[in-house]
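Enquirer: Attaching a single structure in C-alpha cells format; questions to follow.
The values are calculated or read from the model by the stated rules, or taken from the named source; none is laboratory data. Everything numeric here is computed off the predicted structure, so don't read it as measured data. With ideal geometry, Cβ positions are generated from the backbone for all residues, glycine too; neighbour counts draw on all protein chains shown.
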Amino acid sequence: MLNRNKQMKHDSRSLNVVIIGQGAIGLLFYHYLKQFEPLQQERGNKNFICTTLLATDQHDKSQRSYQFTDITQQQIQGDVLFTQDKHLQQADIVLCCVKSYHVSTAIKTIANKLNTKAVIILAHNGMGTVEQLTKDIIHQHTIAAMLTTHGSLKTEKYAITHTGQGLSQLGLMSNNSTDDNQINLLMDFTEQLDKVLPSVTWEEDIRTAQWHKLAINCVINPLTAILNVRNGDIADEAHLTKIKAIISEIVAVAQKESVQLDASKLLEKVILVAKSTAKNSSSMRCDIQAKRATEIDYINGYICSLGEKHHIATPENKNLVKAIKSLN
C-alpha cells in the first residue's frame, strides 16, 4: 500500500509525457496537457509538463494540427508535436490510450527506446492487457492504470469534441522498482493532470475500481451496440432483467478473483451512468457503426475467459460476445 500523504510531499519536477494514440481519449488528454504548457511558461515555472503525441500516421507531413471542441461548443485549433525517438528516451510518463487489442503491440514497439525509469499508464476499456505484456516490460517498468469517465467523440481525423465532463482515477498495477522514483512520477502526474482536467484522484485499490468500470462497460457497451441506441435507452425498465443477469455473472466471476462486488449497487451505478450519459453513443456502438474492431474480447469476453478458468457459466456474457462479433 502506498502512503499517499507521504508521497505527495515531494517537490514537483518537470515531466516529459508521451501520449500513445490519436483517438478520442488520446487527443483529449493531449489537448488539455498541451494547453497547460504556455500557462506554466508565462508564470515562469521552470518545472512544467512537456507533452508529445505518438500517432500511427505522424509521418504524414500534411497533418500537423488538430481541432478541439469543448463542452460549451467553443472550437480551438492547436498544433501537434509528434513524438520522436528523443522524446521516448526522455519520457517520464507514457500514457497509452489505444484500444485494448492494440496495447501489447503499441508498448512492445517502443519498449527498446524507453528508459527503464519511464512509467507506463494504460488507459483503455476492459481488462486483461497487462497479462499480454512481455515479462521484460513488466520487470523493467512500473505499470499503472487510468480510468476516466470523460466523454470524448472523434468527429474527424484529428478532430474531437469533449462531450461530457467526468473524473479520472489512477492507480498502481505493477511495480518492481526498489526506489520511490516511479511512484513520485505517478504522483506528480496525478497532481498536474488534476490541474488541467479535474478531477483526478489516486486510487490505492485500482483493481476494484477497474472491476466496477468493467461491469458498467459489460452492460452499456454491448447492449447499445446491439440495439443501436444511445446510452440513455439502456435505463429503460424493459432491459432490467437482462442487465441483472449480466451483472450476476460478473459478480460471481469477480468473487473467484478475490474481488467483492455488490450486485444491487452495480445495478444502480449502471442505470446512473446510462442516464447521466443519456445522449452519448458508447465506444462500442461507434466502433460497430464505423465498421471497426471492438474491444468485446476485453470486456464481456474477459468475463467469459475468467468464467471458464473458474468453471462458472456465463451464458449472458457469451451471448453478448457472439452478438457483437456477428455485427462485425
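Enquirer: Specify which of the listed residues (Thr241, Thr208, Thr178) is more than 22 Å from the chain's Cα centre (by Cα), among the polar types (S, T, N, Q) and under 27 Å from Lys309 (Cα atoms). Outline the logic, then answer.
Expert: Values: Thr208 fails: more than 22 Å from the chain's Cα centre (by Cα); Thr178 fails: under 27 Å from Lys309 (Cα atoms).
The conditions single out Thr241.
Enquirer: If the requirement is being of a type outside the set (A, V, I, L, M, F, W, C), more than 24 Å from Thr294 (Cβ to Cβ) and out of contact with any Ser or Thr (no Cβ under 6 Å at 6 or more places or on another chain), which of these qualifies: Asn217, Asn228, Asn184? Working first, answer last.
Expert: Values: Asn217 fails: more than 24 Å from Thr294 (Cβ to Cβ); Asn228 fails: more than 24 Å from Thr294 (Cβ to Cβ).
It is Asn184.
Yes/no per residue for (1) in a helix (DSSP H, G or I); (2) buried (at least 22 other Cβ atoms within 10 Å of the Cβ):
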{"residue": "Ala215", "(1), (2)": "yes, yes"}
{"residue": "Ile220", "(1), (2)": "yes, yes"}
{"residue": "Ile226", "(1), (2)": "yes, no"}
{"residue": "Val229", "(1), (2)": "no, no"}
{"residue": "Lys242", "(1), (2)": "yes, no"}
{"residue": "Ala245", "(1), (2)": "yes, no"}
{"residue": "Val253", "(1), (2)": "yes, yes"}
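Enquirer: Consider Ser281 carefully, then state whether it is in a helix (DSSP H, G or I) and of a type in the set (S, T, N, Q).
Expert: Working: in a helix (DSSP H, G or I): no; of a type in the set (S, T, N, Q): yes.
Criteria not met by Ser281.
Enquirer: Another question, if that's okay. Provide a single number: the residues in region 106-115 that are modelled with pLDDT of 95 or more and either part of a loop (DSSP other than H, G, I, E, B) or in the same structural domain as Ser283 (by TED's automatic domain parsing) (or both).
Expert: 1
Enquirer: Within region 141-166, take every residue that is within 24 Å of Leu88 (Cβ to Cβ) and of a type outside the set (A, V, I, L, M, F, W, C) and give me the one that is surrounded by the most Cβ atoms within 10 Å (Cβ to Cβ).
Expert: His141
Enquirer: Determine whether region 232-243 contains at least one residue that is among the acidic types (Asp, Glu) and under 20 Å from His162 (Cβ atoms). Don't jump to the end; show me each part of the working.
Expert: Pass one, region 232-243, residues among the acidic types (Asp, Glu): 233, 236-237.
Next, only the ones that are under 20 Å from His162 (Cβ atoms) stay: none.
The answer is no, given that none of the residues of region 232-243 is among the acidic types (Asp, Glu) and under 20 Å from His162 (Cβ atoms).
Enquirer: Taking Ala209, is it at pLDDT 95 or above and either touching a helix residue (DSSP H, G or I) at 6+ places or on another chain (Cβ under 9 Å) or of a type in the set (Val, Ile, Thr) (or both)? Explain how you work it out, then say what you get.
Expert: Numbers: at pLDDT 95 or above: yes; either touching a helix residue (DSSP H, G or I) at 6+ places or on another chain (Cβ under 9 Å) or of a type in the set (Val, Ile, Thr) (or both): no.
The answer is no for Ala209.
Enquirer: Here are the criteria: (1) in contact with an Asp or Glu (Cβ under 8 Å, 6 or more places away or on another chain); (2) without any contact (Cβ under 8 Å) to a residue 12 or more places away in the chain. Tell me which single one Gly307 does not satisfy.
Expert: Failed condition: (2).
Enquirer: Filter region 32-59 for residues that are surrounded by 11 or more Cβ atoms within 10 Å (Cβ to Cβ) and assigned to a loop (DSSP other than H, G, I, E, B); which is modelled with the highest pLDDT? Don't jump to the end; show me each part of the working.
Expert: Taking region 32-59 first, the residues surrounded by 11 or more Cβ atoms within 10 Å (Cβ to Cβ) are 32-37, 39-41, 45, 47-58.
Among the residues that remain, those that are also assigned to a loop (DSSP other than H, G, I, E, B) are: 45, 47-48, 55-58.
On the way: Asn45: 57, Asn47: 54, Phe48: 70, Ala55: 97, Thr56: 94, Asp57: 92, Gln58: 92.
Applying the filter and picking the extreme gives Ala55.
Enquirer: Name every residue in region 305-323 that is assigned to a helix (DSSP H, G or I) and either assigned by TED's automatic domain parsing to the domain that holds Val98 or surrounded by fewer than 24 Cβ atoms within 10 Å (Cβ to Cβ) (or both), in order of residue number.
Expert: Pass one, region 305-323, residues assigned to a helix (DSSP H, G or I): 305-309, 315-323.
Once the filter is applied, which keeps residues that are assigned to a helix (DSSP H, G or I) and either assigned by TED's automatic domain parsing to the domain that holds Val98 or surrounded by fewer than 24 Cβ atoms within 10 Å (Cβ to Cβ) (or both), region 305-323 yields Ser305, Leu306, Gly307, Glu308, Lys309, Pro315, Glu316, Lys318, Asn319, Val321, Lys322, Ala323.
Enquirer: Let me ask another. Are any residues in region 276-304 out of contact with any helix residue (DSSP H, G or I) (no Cβ under 6 Å at 6 or more places or on another chain) and buried (at least 17 other Cβ atoms within 10 Å of the Cβ), and if so, which ones?
Expert: First pass over region 276-304, keeping only residues out of contact with any helix residue (DSSP H, G or I) (no Cβ under 6 Å at 6 or more places or on another chain): 276, 279, 281, 283, 286-287, 289-293, 297, 302.
Within region 276-304, Ser281, Ser283, Cys286, Asp287, Asp297, Tyr302 qualify.
Enquirer: Out of all the residues in region 84-99, which are surrounded by fewer than 22 Cβ atoms within 10 Å (Cβ to Cβ) and under 15 Å from the mean Cα position of the chain (by Cα)? Walk me through how you get there before you give the answer.
Expert: Step one: list which residues in region 84-99 are surrounded by fewer than 22 Cβ atoms within 10 Å (Cβ to Cβ), which gives 84-90, 99.
Passing the criteria: only Lys99.
Enquirer: Considering only residues that are among the charged types (D, E, K, R), part of a loop (DSSP other than H, G, I, E, B) and crowded, with 18+ Cβ neighbours inside 10 Å, which ones fall in region 188-207?
Expert: Taking region 188-207 as the starting set, the residues that turn out to be among the charged types (D, E, K, R) are 188, 191, 194-195, 203-205, 207.
Filter once more, so that each one left must be part of a loop (DSSP other than H, G, I, E, B): 203-205.
Selection gives Glu203 alone.
Enquirer: It is to be established whether one or more residues within region 174-186 are touching a Pro at 6+ places or on another chain (Cβ under 9 Å) and polar (S, T, N, Q).
Expert: Taking region 174-186 first, the residues touching a Pro at 6+ places or on another chain (Cβ under 9 Å) are none.
Scanning region 174-186 turns up no residue that is touching a Pro at 6+ places or on another chain (Cβ under 9 Å) and polar (S, T, N, Q).
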